[in-house]
Ligand SMILES: Nc1ncnc2c1ncn2[C@@H]1O[C@H](COP(=O)(O)OP(=O)(O)O)[C@@H](O)[C@H]1O
Ligand SMILES: [Mg+2]
């Protein structure tokens, strides 16, 4: 049942209009009421009569002045209105931009692959993203960084009071479930809010646990490999030494015996026998030379007897005799004389193999060999360089031979660095091998 209710009807009717229509309606009503009251009460006539009585005050000009003032006021108010509208639009846009940027930063924070978090100075996690949550085994609610980092948390907080941010390349964090957790971290300190004195820590963790464990395993494997290679080289050298000794003692003696026997053959004018004896003697001499060369290659006697300098000098002079057209230069520092046996062997074998490679592959006209000892703060270094001006080769292409890889293995087994430089014009083989520590060197020199 509909009940007649005038006020509510009016409110319904009134709410149908928008603000500007309502304003227009109020203006029309006001003007009409003023006109009606003025007409009824003859206000204007009375005012004009009164103004005429006071002609000297020029009050009859007042309506026009008021009209002009009203026009100016309307004009000003419209301008102000436009300004207010523009300001309001600007604010709306700024608010929108701020919301957008907030959304963007939230996405960056939440979706980042780094574990992002905000913690208070007591180490409680106030806010964190998904990556952080999965990094810490979804235990962010129970994780307390002060407990997880121990004393280093307080040290970091103290440091952050002095500097804006702290980068830690490797930080070991105690995960609540006990699993290993190693991170690369950046921590910054920021006020909780512009009005508060309270400071919070903003942290960014990159999980490097896997990488760290793999590196550690790789390090162990590398060390094992290094000592295996060193052992293999030692065994090889020992074996070579034994073979050289065997050849020398067994074959050498018999060859000498053969020559002695030939010398004792009767020279009774039988030309055929004498001729055969001479030929056998020269064959045996040839074999003896070959055997001597072989023994020398297996174990350079000069290296044991006189040290590296003489052994390399002899090697070079033998090589020069075999390659008279190749110009050779040799720089051998005197300080390289008293090196350990294993380093002597490594250096000698590198020069030997490099010279063999040059004669086999390089077609060089010039060879330069340098062996130098550089004194360092922590350790002395032995540098070996063999340079030629031959055809060169691509050091990165796969190779069948074992010469270059053997050199590398020997150097790396001693903790050194091996390099091949070749760009189509010559080749440079270089090796740096750490020698003694400075302390040891000092003790040696005493
Ligand atoms: N000084 C050099 N000049 C040109 N090529 C070289 C030189 N040293 C090495 N090589 C190239 O590198 C390859 C590998 O050398 P290496 O490992 O000593 O094996 P091998 O001498 O048995 O072939 C050689 O076959 C050769 O092509
Ligand atoms: Mg070779």
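The values are calculated or read from the model by the stated rules, or taken from the named source; none is laboratory data. Because the structure is a prediction, the values reported are computed rather than measured. Glycine gets a Cβ as well: all are built from the backbone with ideal geometry, and neighbour counts include every protein chain shown.
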Completion exercise
When restricted to 384, 350, 309, the only residue within 21 Å of residue 410 (Cα to Cα), surrounded by 14 or more Cβ atoms within 10 Å (Cβ to Cβ) and away from ligand 1 (no atom under 16 Å from the Cβ) is 309
Problem - Test for residue 339: is it buried (at least 16 other Cβ atoms within 10 Å of the Cβ), within 16 Å of ligand 2 (Cβ to nearest atom) and either in the same structural domain as residue 426 (by TED's automatic domain parsing) or over 14 Å from residue 428 (Cα atoms) (or both) - result: no
Practice task
Filter region 193-215 for residues that are free of Cβ contacts under 8 Å to residues at least 24 places away in the same chain and surrounded by 11 or more Cβ atoms within 10 Å (Cβ to Cβ) and give the result.
Solution key: 211, 214, 215
Problem - The listed residue being surrounded by 13 or more Cβ atoms within 10 Å (Cβ to Cβ) and either out of contact with any strand residue (DSSP E or B) (no Cβ under 7 Å at 6 or more places or on another chain) or within 30 Å of residue 141 (Cα to Cα) (or both), out of 257, 272, 244 - result: 244
Fill in the blank from the handout: Result of the Cβ filter at 7 Å on region 410-430, keeping first residues that are in contact (Cβ under 8 Å) with a residue 40 or more places away in the chain and on the phi > 0 side of the Ramachandran plot and partners that are part of a strand (DSSP E or B) and surrounded by 17 or more Cβ atoms within 10 Å (Cβ to Cβ), at least 6 apart or interchain, is 426/387; 426/388
Handout entry: Any pair with Cβ under 6 angstrom, 6 or more apart, that starts in region 390-402 at a residue that is assigned by TED's automatic domain parsing to the domain that holds residue 325 and under 15 Å from residue 356 (Cα atoms) and ends at one that is surrounded by fewer than 11 Cβ atoms within 10 Å (Cβ to Cβ) and modelled with pLDDT under 80
Key = 392/424
Practice task
Identify, by number, the condition in (1) farther than 30 Å from residue 411 by Cβ; (2) not in a loop (DSSP other than H, G, I, E, B) that residue 179 doesn't meet.
Solution key: (2)
Fill in the blank from the handout: Flagged in region 385-428 as within 16 Å of ligand 2 (Cβ to nearest atom), under 23 Å from residue 335 (Cα atoms) and touching a helix residue (DSSP H, G or I) at 6+ places or on another chain (Cβ under 6 Å), in numbering order, are 386, 407, 410, 418
Problem - residue 357 vs. criteria within 12 Å of ligand 1 (Cβ to nearest atom), closer than 28 Å to residue 434 by Cα, in contact (Cβ under 8 Å) with a residue 24 or more places away in the chain and loosely packed, with under 13 Cβ neighbours inside 10 Å - result: no
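Report yes if residue 364 is outside any helix (DSSP H, G or I) and out of contact with any helix residue (DSSP H, G or I) (no Cβ under 7 Å at 6 or more places or on another chain), otherwise no. Can you show your working first?
Details: outside any helix (DSSP H, G or I): yes; out of contact with any helix residue (DSSP H, G or I) (no Cβ under 7 Å at 6 or more places or on another chain): no.
No, not satisfied.
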Practice task
Under 9 Å between Cβ atoms, at least 6 apart or on separate chains: pull out the pairs that start in region 266-288 with a residue that is more than 28 Å from residue 248 (Cα to Cα) and end on any residue that is assigned to a helix (DSSP H, G or I) and modelled with pLDDT under 90.
Solution key: 266/273; 267/273; 267/274; 267/277; 268/274
Practice task
Take region 377-397 and flag every residue that is assigned to a loop (DSSP other than H, G, I, E, B) and within 18 Å of residue 428 (Cα to Cα).
Solution key: 389, 390, 391, 392, 393, 394, 395, 396, 397
Handout entry: Unmet criterion (only one of (1) within 21 Å of residue 228 (Cβ to Cβ); (2) assigned to a strand (DSSP E or B)) for residue 349
Key = (2)
